[in-house]
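*Asks:* Okay, handing you the structure first.
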Amino acid sequence: MKRLIGLLVAMLLVLTGCTEVTETTPAVAGKEMSVHFIDVGQGDSILIKAPNGKTMLIDGGVKSAGKTVVDYLRTQGVTKLDYVVATHPDADHIGGLIAVLNSISIKEFIDSGKVHTSQTYEEMLTLINDKNIRYTVPKAGDTLALDPTVLVDVVASDENASDNNEASIVLRVAYQNISFLLMGDAGHAIEEQLIQDGVDVEATILKAGHHGSNTSSSLPFIQAVRPLATILSYGQDNKYGHPHAEVVDAVTQVGSEIYGTAESGMIVVKTDGVTYDINAKPWTGIGATSSITPPKSGKVELVSLDLQAEIVAIKNNSNEAVNLQGWQLISVEGNQVYNFPNVNLAPGKIIYVTSGSEAKSRGNSLEWTKKQIWLNSGDPAQLKNAKGDIVSELP
């Protein structure tokens, strides 16, 4: 799919009687820039290859997607990264960056600065420090020097935000007439503030905020962006119901085409600054397939996590009983660990680990603690076997 932006702009100026049209210098096609929306399932990861050859990776999906991201970078001939951007510290954005940090040379790491207590975030910061990588926390209005012909503007960033998503670094990347607005997980509050402040959010390509959740991409904001194409980065059959119908309706109302990683896999946008091409078919919302599947042990896995009721369900999918002694259930955000007792989990059976004031050990339920463990926003869970291997994760 190709679009000739410069010609349309010139025609519009003529039709509206603009007297300055003879003084306007039309964009001239330059070297190619490509923006790769990597299929990491329910998460985000974006690679930018600038015309001058420099590279930027924005987020890396969950930990289990790290190998996919590294392998993809290598297929693209990326042996070093000039910038890595962690938009915010949620596990589905920074988890895969651990593998990237361990595998590829990085010149500068751009972080939201939002303080987080998860093991993944602490591991990420430790690696950045150990490898002596330049570490920067940007402010709205900053510009990242990726390429003299490409403007990379930080349009939102707030390390003091009360919510991880609202701390998201939002980037607008412009190469002559073609621009990209990359929203991270920024929600309605940031969208409203950007419009109120008169920030230029208009863009050719929009990476919708928060995987197509209705907490982002309000109709007034989509109308302000006026995207010709919208990218949804999400996992097939995710438990959140992404993308939400309200977002699809809003994007459709402005005439934007939709593309989804769950349906198309890797989505690559190539542009010479005047035209752009997308290597995928528009989203249909049906028949979606994703190359990333939730990590499973083949025997035992996390099947549900109720943050409010403080109940975690673990199922044995094998044909043999599994002894859980030495296994651990980890609250990633709270950095808290439950060590399983000497208990056997029969084939096909579920065991529940309970916490909070209603926690109890009875029947197929185990009591962790009477204290609250999971009562927070989006706390991921990990299940480790007796060898210390992560065999299952939620989300």
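The values are calculated or read from the model by the stated rules, or taken from the named source; none is laboratory data. Computed from a predicted structure; not experimentally measured. Cβ sites come from the backbone with ideal geometry, for glycine too, and all protein chains shown count toward neighbours. For the accessible areas, the whole protein counts, side chains as well, though only heavy atoms, and no ligand, DNA or RNA atoms are used. Shrake-Rupley method; radii C 1.70, N 1.55, O 1.52, S 1.80 Å.
*Asks:* Rolling a 1.4 angstrom probe over the protein chains, ignoring ligands and nucleic acids, what is the accessible area of D237 in square angstrom, nearest 10?
*Replies:* 140 Å²
*Asks:* Can I ask one more? Just reorder V322, V137 by solvent-accessible area, largest first, 1.4 Å probe, all chains present.
*Replies:* Details: V322 20, V137 50 Å².
Reading off the accessible areas and sorting them downward yields V137, V322.
*Asks:* Pairs to check: K299/K384; K299/K349; K80/K207; K31/K207; K239/K360; K54/K114. Give those whose C-alpha atoms are more than 18 Å from each other in this structure.
*Replies:* On the way: K299/K384 12 Å; K299/K349 11 Å; K80/K207 24 Å; K31/K207 23 Å; K239/K360 27 Å; K54/K114 27 Å.
Violating the 18 Å limit, Cα to Cα: K80/K207; K31/K207; K239/K360; K54/K114.
*Asks:* Next up: Dividing the alpha-carbon radius of gyration of the range 308-368 by 2.2 N^0.38 Å (N being the number of residues), what value is obtained? Numbers along the way, then the final one.
*Replies:* Working: Rg = 11.7 Å, N = 61, 2.2 N^0.38 = 10.5 Å.
After normalising by residue count via 2.2 N^0.38 Å, the value is 1.12.
*Asks:* Oh, and also: What order do D71, D59 take when sorted by accessible area (1.4 Å probe), most exposed first?
*Replies:* Working: D71 60, D59 0 Å².
Ranked from most to least accessible, the order is D71, D59.
*Asks:* What nm distance separates the two modelled labels at K349 and L219, each placed 7 Å from Cα along Cα→Cβ?
*Replies:* A separation of 5.3 nm, rounded to one decimal place.
*Asks:* Once amide H atoms are placed 1.01 Å from N in the peptide plane, what residues at a sequence separation of 5 or more from Y135, or on another chain, have their amide H within under 5 Å of its amide H?
*Replies:* It is F109, by chain and number.
*Asks:* Counting only protein heavy atoms and using a 1.4 Å probe, what share of the accessible area of the range 160-255 belongs to carbon plus sulfur, as a whole percent?
*Replies:* Details: 1630 of 3560 Å².
Result for the range 160-255: 46 percent of the exposed heavy-atom area is carbon or sulfur.
*Asks:* Here's a follow-up. Might you work out the accessible area of Y135 for me, using a 1.4 Å probe with all protein chains in place, and round it to the nearest 10 Å²?
*Replies:* 90 Å²
*Asks:* Hey, quick one: spin label on N52, modelled 7 Å out along Cα-Cβ, who in the range 131-148 has an amide N within reach, i.e. under 15 Å?
*Replies:* Those under the cut-off are 143-148.
*Asks:* A further question on this structure: Quick one: what are the phi-derived ³J(HN,Hα) couplings along the range 186-194, Karplus 6.51/-1.76/1.60 with θ = phi - 60°, whole Hz, x for glycine and proline?
*Replies:* Working through the residues one at a time gives 4, x, 4, 4, 5, 4, 5, 5, 4 Hz.
*Asks:* Here is a follow-up. What percent do you get for the relative contact order of the chain when only Cα pairs under 8 Å and 6+ apart count? Kindly include the intermediate steps, with their values, before the conclusion.
*Replies:* Working: 975 pairs, mean separation 52.0, N = 395.
Over the chain, the number comes to 13 percent.
*Asks:* With Cα extents along the principal axes in Å in mind, check (i) 68, 42, 37; (ii) 57, 43, 43; (iii) 81, 44, 38 and report the label derived from this structure.
*Replies:* (iii)
*Asks:* Which order do I48, I195 take by accessible area at a 1.4 Å probe, largest first?
*Replies:* Values: I48 0, I195 75 Å².
Of I48, I195, the descending order of accessible area is I195, I48.
*Asks:* Identify the residues of the range 208-234 with backbone N under 16 Å of a label point that sits 7 angstrom from the Cα of N279 along the Cα-to-Cβ direction, or state none.
*Replies:* Counting only backbone N, you get no residues.
*Asks:* Using a basic spin-label model with each label point 7 Å from the Cα along Cα→Cβ, how many nm lie between K80 and A145?
*Replies:* Those two pseudo-labels are separated by 1.6 nm.
*Asks:* What does the charge count near Q308 come to, summing +1 for each Lys or Arg and -1 for each Asp or Glu among other residues with Cβ under 13 Å from its Cβ? Working shown, then result.
*Replies:* Numbers: positive: none; negative: D306, E310, E358, D379.
Result for the neighbourhood of Q308: -4.
*Asks:* Calculate, for the chain, the solvent-accessible area per residue in square angstrom, rolling a 1.4 angstrom probe over the heavy atoms of the protein chains. Present the calculation step by step, with values, prior to reporting the outcome.
*Replies:* Details: 17620 Å² over 395 residues.
Accessible area per residue, the chain: 45 Å².
*Asks:* For the range 181-329, what's the relative contact order in percent, using C-alpha pairs closer than 8 Å and at least 6 residues apart? Don't skip to the end; give the middle numbers.
*Replies:* Details: 240 pairs, mean separation 22.8, N = 149.
Value for the range 181-329: 15 percent.
*Asks:* A follow-up question, please. Given Cβ point charges of +1 (Lys, Arg) and -1 (Asp, Glu) and nothing else, what value in debye, to the nearest 20, does the dipole of the chain about its Cα centre take? Could you put the intermediate results ahead of the total?
*Replies:* Details: 30 positive and 45 negative charges, 268 e Å.
Roughly 1280 debye, rounded to the nearest 20.
*Asks:* Normalised by the residues of the range 96-169, what does the relative contact order come to in percent, with Cα pairs under 8 Å and at least six apart? Provide the component values of the computation, followed by the final result.
*Replies:* Values: 94 pairs, mean separation 22.3, N = 74.
Contact order relative to length: 30 percent.
*Asks:* Another one. Amide H neighbours of E257 under 5 Å, at least 5 residues apart or on other chains, H built in the peptide plane: list them.
*Replies:* A229, T230
*Asks:* Sum -39500 (n - 2.57) across every DSSP H segment of at least 4 residues in the chain, then divide by the residue count to get the 222 nm mean residue ellipticity, nearest 500.
*Replies:* On the way: 9 runs with 73 residues, N = 395.
Helices in the chain give a 222 nm mean residue ellipticity of -5000 deg cm²/dmol.
*Asks:* Please list, in order along the range 240-247, the HN-Hα scalar couplings obtained from phi with the Karplus expression 6.51 cos²θ - 1.76 cosθ + 1.60 (θ = phi - 60°), rounded to whole Hz, x for Gly and Pro.
*Replies:* With the stated coefficients, the range 240-247 comes to 8, x, 6, x, 7, 4, 4, 6 Hz.
*Asks:* Share of antiparallel DSSP beta bridges in the chain, in percent to the nearest 5? Mind showing how you got there, number by number?
*Replies:* Details: 59 of 85 bridges.
Roughly 70 percent of the DSSP beta bridges within the chain come out antiparallel.
*Asks:* Next question, about the same structure. Grab the beta carbon distance between N319 and D197, set R0 = 56 Å, and tell me the FRET efficiency rounded to 0.05. Spell out each step's value before the answer.
*Replies:* On the way: r = 60 Å, r/R0 = 1.07.
Calculated value: 0.40.
*Asks:* Excluding residues fewer than 8 places away in the same chain, name every one of the aspartates and glutamates whose C-alpha is closer than 18 Å to that of K315.
*Replies:* E301, D306, E367, D389, E393
*Asks:* Could you tell me how far the Cα centroid of the range 298-356 sits from the Cα centroid of the range 176-244, in Å?
*Replies:* That distance is 36 Å.
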